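Laboratory data are not the source of any read-out in this text; all were calculated from the coordinates shown. Since this is a predicted model, take the numbers as computed values, not measurements. Virtual Cβ from ideal backbone geometry, glycine too; neighbours counted across all protein chains shown.
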Amino acid sequence: MRAIFLIFLLFGPVTVSAAPYAAMVVDARSGEVLHSRNADTRLHPASLTKMMTLYVAFDAIEKGEISLDTKVKISRKAASEPPSKLGLKAGQKVALRYLIRAAAVKSANDAATAIGEAISGSEAAFARRMNRMAQAMGMTRSTFKNAHGLTETGHLSTARDMTVLGRHVFYDFPEYYNLFSRRSTNAGVKNVSNTNRRLLNGYKGADGIKTGFTRAAGYNLVASAERGNERVIATVFGGRSVTWRTTRIAELLDMGFQRAPTRVAVKAPRKPVMMAAGSGKTKNTTGLVNKSPRPIGRPSASPAEEVLVAMAGEIKNALAEAAVEDTTIPAAAPAPVLAASLAGAFIRPSPRPVIAQGAASANVVEAAQSTATPTVRPAAKPVVVTRLSTSGGRHWGINVGRYNTRDKAERVLLQTALVEMSTLETALRKVVRSPKGWEANFVGLTEDTADMACRRLEAQNVSCTPVGPG
């Protein structure tokens with residue numbers, strides 16, 4: 001009875017809502033709006049917030065900030081969050097993968113808070129990161145104050161913004177999207193059931209995404225469904241009950257499938273890129289070039305001699321382990337060549353000669369021509385055309401090999417990035433599972449930068465293939 005009373009105090013009667021109604025329906029393939037009503041009205045998103053919490057978590061995992069197997073220590077704050085919750089205890093350690101499952105499937109508030117604290121150190125810092133991500137996505141009318149979505153002053157979003165977020169979750173992290181369609185899952189502490197079971201079981205093609213409810217918000221839902229080649233995403237805010245919400249979202253999805261064309265070009269949203277915390281600037285996410293397409297590279301100081309020697313030794317050992325010969329999956333480059341090449345790249349180059357002011361330029365040119373070894377640019381390599389996640393309109397990438405485990409691919413990417421800092425400094429490291437192994441890619445490059453990076457790596461006997469958009 002005490003638990004029921006607590007829920008009543010937090011949420012009020014569970015069948016009545018005075019929250020304003022808002023809705024949005026889009027063709028997920030193109031982003032075309034098929035229906036909207038009060039779509040830009042700022043309302044309480046409730047647990048739809050957890051879509052952004054999970055998106056930021058997926059982003060942090062992709063960037064190597066944290067892993068699915070990281071043991072997260074549960075804080076008192078996380079453990080004390082009100083229902084819906086997993087029932088975590090302060091001091092308990094739970095793998096991140098289970099917290100993600102609990103937040104996605106059960107909509108557990110304690111799990112959401114624990115995720116935010118594990119990634120950013122505190123829920124407040126995590127909320128700031130959520131807001132930066134929202135701005136980078138173009139969610140201009142959303143402000144997040146917490147990781148779970150319980151009512152808090154200023155914690156607001158819109159049907160349009162949540163639809164945009166749902167589309168990004170589907171396209172940017174397809175490897176995690178299946179979480180939202182699980183009827184139940186093992187969350188480590190216990191098995192949990194999906195809060196969206198009615199729609200998943202009752203609507204043909206439904207496969208997610210997220211429910212939400214508070215007294216201030218009403219019954220909210222972002223849902224996605226696929227039928228044939230068509231996919232529709234619908235959002236509703238301010239439902240009066242679970243039944244009303246499920247019925248209305250089904251009507252909106254039906255409307256979407258009726259209005260969506262059978263065939264349409266897929267235009268996946270561009271993956272957002274955030275500015276560093278505290279920069280006070282918003283990253284250009286339109287893909288349009290504002291100034292020069294070839295900005296001047298930033299100078300980087302040369303590491304100390306002892307640092308270079310230490311790094312070379314560690315890299316050589318790490319790459320030797322990563323490139324152990326596999327009889328089932330051929331490596332992109334022989335292990336000894338790759339290890340020696342990358343390790344040798346840390347040898348400090350000879351300093352350039354200093355030419356005194358006033359020296360005759362003609363004599364300098366003549367001397368250089370008489371002593372320099374002619375440089376022959378290698379023949380153009382075949383370019384692999386595929387779909388890549390890009391940032392800021394940079395659609396090109398490079399592939400530096402295929403490996404039999406994700407760990408090996410990630411290690412080679414890290415060491416290659418250390419070696420070729422000048423061209424790969426702003427690139428994103430991305431490991432992609434293929435039928436033959438794990439592809440090690442750098443993405444988010446211009447065509448010129450990808451070409452230059454490959455030429456510089458090949459000069460060190462490192463296999464490299466440019467990968468273009470398509």
**Item:** Listed pairs K77/K408; K204/K408; K63/K106; K50/K436 exceeding 31 Å between Cα atoms
**Value:** K77/K408; K204/K408; K50/K436
**Hydrodynamic radius of the range 190-248 per Kirkwood, over alpha carbon pairs, in Å** = 12.0 Å
**Prompt:** Any idea what the alpha-carbon Rg over 2.2 N^0.38 Å comes to for the range 398-440?
**Reply:** 1.11
**Asked** How many nm separate the modelled label positions at N201 and T41, each set 7 Å beyond the Cα in the direction of the Cβ?
**Response** 3.2 nm
**Message:** Tell me which of N131, L150, T163 sits at the most positive position along the dipole axis of the range 125-166, charges placed on C-beta atoms (Lys, Arg +1; Asp, Glu -1).
**Reply:** N131
**Request:** Go ahead and run the numbers for FRET between T405 and K190, Cβ-Cβ distance against an R0 of 25 Å, rounding to 0.05.
**Result:** 0.20
**Request:** Sort out for me the Cα centre separation of the range 70-122 from the range 396-466, rounded to whole Å.
**Result:** 34 Å
**Prompt:** In nm, to one decimal, how far is the R240 label point from the T153 one, both placed 7 Å along Cα→Cβ?
**Reply:** 3.2 nm
**Request:** Taking each pair of different alpha-carbon atoms in the range 2-259 once, compute 1/r for the pair, average those values, and report the inverse of that mean as the Kirkwood hydrodynamic radius in Å to one decimal.
**Result:** 17.9 Å
**Potential extension, R141-K93 segment - 0.36 nm per residue separation minus Cα distance** = 13.7 nm
**Message:** If I take the Cα coordinates of the range 419-470 and project them onto the principal axes, what are the three extents in Å, biggest first?
**Reply:** 30, 23, 18
**Complete:** If R0 = 51 Å, then K77 and M452, at their Cβ-Cβ distance, give a FRET efficiency to the nearest 0.05 of 0.60
**Taking N as its residue count, the alpha carbon Rg of the range 99-186 over 2.2 N^0.38 Å** = 1.09
**Message:** Starting from 0.36 nm per residue, how many nanometres of slack lie between E65 and Q258 once their C-alpha separation is accounted for?
**Reply:** 65.2 nm
